[in-house]
Each structure stands twice: as structure tokens, then as C-alpha cells.
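Right, one structure below, let's go through it.
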Amino acid sequence: MPALKLRRIDLTASNAAAQIVKLRDQFRTDAEVVSAASKKKTQAVFGEALPPARAVERICNEVREKGLSAALHYTEQFDGVKLKPDQIRVKPAELAEAHAAVGSDFLEVVRQIRDNVILFQSGLLHSDAEMRTPLRHDLQVRYRPLRRVGVYCPGGAAAYPSTLLMTVCPAQVAGVQQIVVCMPPTQTGAYNREMLATCHELGITEVYRIGGSQAIAAMAYGVEGLKPVDMIVGPGNQYVALAKKYVFGQVAIDCIAGPSEIVVLADDSAHPDYVALDLIAQAEHNPGVAVLVTWYEPLIEEVHQALQKRLAKLSRETEARECLEKYGALVLAPNKAAAAECVNTLAPEHLHIQTRDPDAMLEDIDSAGAVFLGPFTPVAVGDYAAGPSHVLPTGGTARWASGLNANDFRKRTSILRFTRKGLQEIAPDVVALANTEGLTGHAASVEMRANDNGPAARPKPKPDKVPVAPAKK
């Protein structure tokens, strides 16, 4: 194989800041990161070369207007699978058959990971909060689970039982009663034995053979046989991410979870092979971002050599190599502070800190979806088994967004109760501010109630007499 051609960025260069921003923004939802094959297929389906955002808008609007027929049409066009309306939902018997057919070892792994996720997520749940001021007012915050949630699981390059575990389990911990799963009608999606078996093991009974933007639209707007949901979660390609962005407002979403990313922040203590394998683990998704940031210059070349050596042993060598050359980078910083600032600018999905004192380094980091500390905490541990969800913000959105957890499936309601005395104490402030804003009706609604000379409470009505049925003779 030819030598690996990986871009190198020196943070002391005059254009370094622009290069880092370009590196971060290459997977933004508006960046149009699509393969030549996807562009060709889109043109064939629509008769014109639509950019991804326009294609997604067309698909979502047609599913909203035409329902299941549009979803089935785009399933045939993009997935090459022609389904009848009664084939879109996976039958309970199929879920049970898949569960019975998989090995007991696989199910034991699923159960162990489920327990890990449930244990961690249960510890995150917010409790109802209350503040009481005797004889004046009670203020409360109450949490209730969403009623119906849609989970999207991609099924293109591989099957992802881990995604089911990392989305379904937090929702179940939150108390969601209705969970819908949509997967593409592929051998790595809704026709995959392990995926169906995992659904059955987790108690999911609503599983649909539909993927891509049409799946997101179907869950958001509802189609024949599939009632709309309140929230959609789960990762996917750019079309899925754009569809989630498009339907947001109709439903809640978790975050814009696009192609996978990793930044490894390392010093002279880092093992070059460990770093190389961490970068490869994300690059084998292809597309994906894999970046090393270090202030120890020899590590740049050491990791480059380790990457070439390790790639040769990888089953997805071609995909990982292409990804590293197209989207990866080796970044040299002049010092620790500059390295930390670079990471915060990138705001990566995954950050692995491999330094002598990772906890101290962590203090300078404020933007990352998930952080992995030390040489024995590879990102794969978090992706598959530890407990936090692997659904994380990408494309630099970790600057303001967070990873999925059980609380995201719960809505928060404020509850207020004032006595007349309590209202009288706060009334002057309310009235003054309402009048300043010119909202005199607001002011009046408070003044009348706070006024001791206001209307007296109505007497309780007397209960109606209940007619007595005549006694039977």
C-alpha cells in the first residue's frame, strides 16, 4: 500500500486558526458531505442534482402530505426494497424468532451492557424539586416522561445493536412507555437477526423497516400504521441529521449526531500504538474525523508510522485509510495551553486525553461530547458498554450541546401556588414591571386579587338532591 498521506497542522503557522475551523466544520449539516454514489442516486430519484438539504426537505414534505405511500416510494428508490404496507412493521413472531435464533453468549452481552447503562442512567435522574414559604407560596418543578419516543438506528455499513442499547435503555429509565424503532430494510438493519433479537430482549414491540429521511419524517408526522412520536433520537448519516433538524419543532430531537469524531490530546507519555488505534477506531466508520493534538513533536511522526503499521492489519483498511487522508489531521501545538484551546475550538464528539496528568488537563477543556481519561479508557469502551450513551453532539456542536441521557426523555413543568398574603407581597414588583411593559391587563389581574376589598369568594353550592328510586313491590 502507498504511504499514508495525512495532513499536518502547525498551530504556530499564520493560517492555523483557519485550518482548525475548517477541520471542525467539514461535517456541519450544511457541508454537503456526500459520496459520488449518493449524489448520483439523488439525481436519479429527483431528476436533478439537489443538495442534501433540498432533497431532505422534498422527502419530509412528501411524507407529511402523502403518508405511507411516499415513505414506501422513497424506501424503494433509495434502499432498492419494494415493501407492501403490511410489510413495513416487523411482526412480533419475527422478533421472537430472531431472539430464539441468536446465541446465548450474544444475549448475555446485551443483558450485561443493558444493566450497565440502566445503572448509570438511573443515577442521573432529576428529582421533583419544591420550595415552600409557609403561608405565602409553594413553588415546584415536576418531571414526567415523554409518552412516545422514536429511535433511529442506521443500517448501512454495519449493524449497531449498541445504538439500540444506548438509546432505548435511557428512555426506559426515564419511564417512557411507548418506544418505536426504525431501521433501514437491509441485512444490517431491520433484517438483521442480532438487531431484532436485541429489540425483543429490550421489550421493544414496535419496529419498522424504514430508514433515511423518510423514517425521520414518518416518525415525526405519522403515517398509516405508525403514529407520530414526541421525540426522535439516534445517529445517522447527513441525510438523517438534516431530517432531524428539519422536523425539529414538530418533535424534540436529541442532538445533531452526524459522522463520528475523535480528538486525541497527548503528550510524551502517550503510547503511539494506542493513539493510532484510537484514531483508526473512529476512521473505520468512514466518514469520520480523527485528529491528534500534541505539543510533543516526536509523537507526530511516531503516530504516523504506527497508523501505517496498524492499518495493514485492519479488515476495513481501505475505508479507514481513505477517511484518515480526507478528514484526519496531526496537529502540533507550541504548548499545553494552545493544545487545550485547539480542542475547545474543535469541540469534538469524543476526546481522549492521554497525558501524564489527564485530570489536570481536563480542567482546561470545556467543549467535548464525552471525555476519556488515561491510556486504558479507549473510546470503544464508551461506545459499547460503560453506561453513558454514545449518542453525542458532532460537527462542533459540543460547544453548546450535550450527549443523550435519561433526563432528555422527561419534560419539566413548573407548578406555582400563592396565598393572598404571598400575592400581596410580590404584587408591587409584578405590577410595576407589567406597567413598564405596557401590559396593564397583566397588572390588573394581580392587583384585583391582592386587594383586600376585592370580591368575596362565592359560597359553595349546595349539593343536588339525589333522587331516590321507588322501592320495588
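The values are calculated or read from the model by the stated rules, or taken from the named source; none is laboratory data. Everything numeric here is computed off the predicted structure, so don't read it as measured data. Note that each Cβ is placed from the backbone with ideal geometry, even for glycine, and that neighbours are counted across all protein chains shown.
Suppose we keep only residues that are among the aliphatic types (A, V, I, L, M), under 28 Å from Arg412 (Cα atoms) and out of contact with any Leu (no Cβ under 7 Å at 6 or more places or on another chain) within the range 152-172. Which one would you say is surrounded by the most Cβ atoms within 10 Å (Cβ to Cβ)?
Filtering the range 152-172 down to residues among the aliphatic types (A, V, I, L, M) leaves 157-159, 164-166, 168, 171.
Within this subset, residues satisfying the condition of being under 28 Å from Arg412 (Cα atoms) are 164-166, 168, 171.
Subsequent filtering for residues that are out of contact with any Leu (no Cβ under 7 Å at 6 or more places or on another chain) retains 165-166, 171.
Details: Leu165: 24, Met166: 29, Ala171: 26.
Per the stated criteria, the residue is Met166.
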How many residues are in a helix (DSSP H, G or I) and touching a residue at least 60 places away in the same chain (Cβ under 8 Å) when one looks only at the range 407-422?
-> 5
Could you list, in sequence order, all residues of the range 211-222 that are surrounded by fewer than 24 Cβ atoms within 10 Å (Cβ to Cβ) and assigned to a helix (DSSP H, G or I)?
-> Tyr221
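How many of the residues in the range 312-337 are touching a Ser or Thr at 6+ places or on another chain (Cβ under 9 Å) and among the aliphatic types (A, V, I, L, M)? Please lay out each step first, then the result.
To start, the set of residues in the range 312-337 that are touching a Ser or Thr at 6+ places or on another chain (Cβ under 9 Å) comprises 330-334, 336.
If we keep only those that are among the aliphatic types (A, V, I, L, M) as well, we get 330-333.
Number satisfying all stated conditions: 4.
Residues to consider are Lys40, Lys22; find the one that is of a type in the set (Lys, Arg), loosely packed, with under 13 Cβ neighbours inside 10 Å, under 20 Å from Asp79 (Cα atoms) and at pLDDT below 90.
Details: Lys22 fails: under 20 Å from Asp79 (Cα atoms).
That would be Lys40, the only listed residue that is of a type in the set (Lys, Arg), loosely packed, with under 13 Cβ neighbours inside 10 Å, under 20 Å from Asp79 (Cα atoms) and at pLDDT below 90.
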Unique match (being under 30 Å from Ser162 (Cβ atoms), at pLDDT 90 or above and assigned to a helix (DSSP H, G or I)) among Ala368, Ala432, Ala380 = Ala380
Out of (1) part of a loop (DSSP other than H, G, I, E, B); (2) out of contact with any Phe, Trp or Tyr (no Cβ under 7 Å at 6 or more places or on another chain), what's the single condition that is false for Pro185?
-> (2)
Read through the list (1) touching a residue at least 24 places away in the same chain (Cβ under 8 Å); (2) outside any helix (DSSP H, G or I), then give the number of the only condition that Ser127 fails.
-> (1)
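Out of curiosity, is Ala360 among the hydrophobic types (A, V, I, L, M, F, W, C) and in contact (Cβ under 8 Å) with a residue 12 or more places away in the chain?
Details: among the hydrophobic types (A, V, I, L, M, F, W, C): yes; in contact (Cβ under 8 Å) with a residue 12 or more places away in the chain: no.
So Ala360 fails the test.
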Quick one: what pairs do we get from the range 81-95, first residue part of a helix (DSSP H, G or I), second among the small types (Gly, Ala, Ser), C-beta under 7 Å, 6+ apart or different chains?
-> Pro85/Gly225
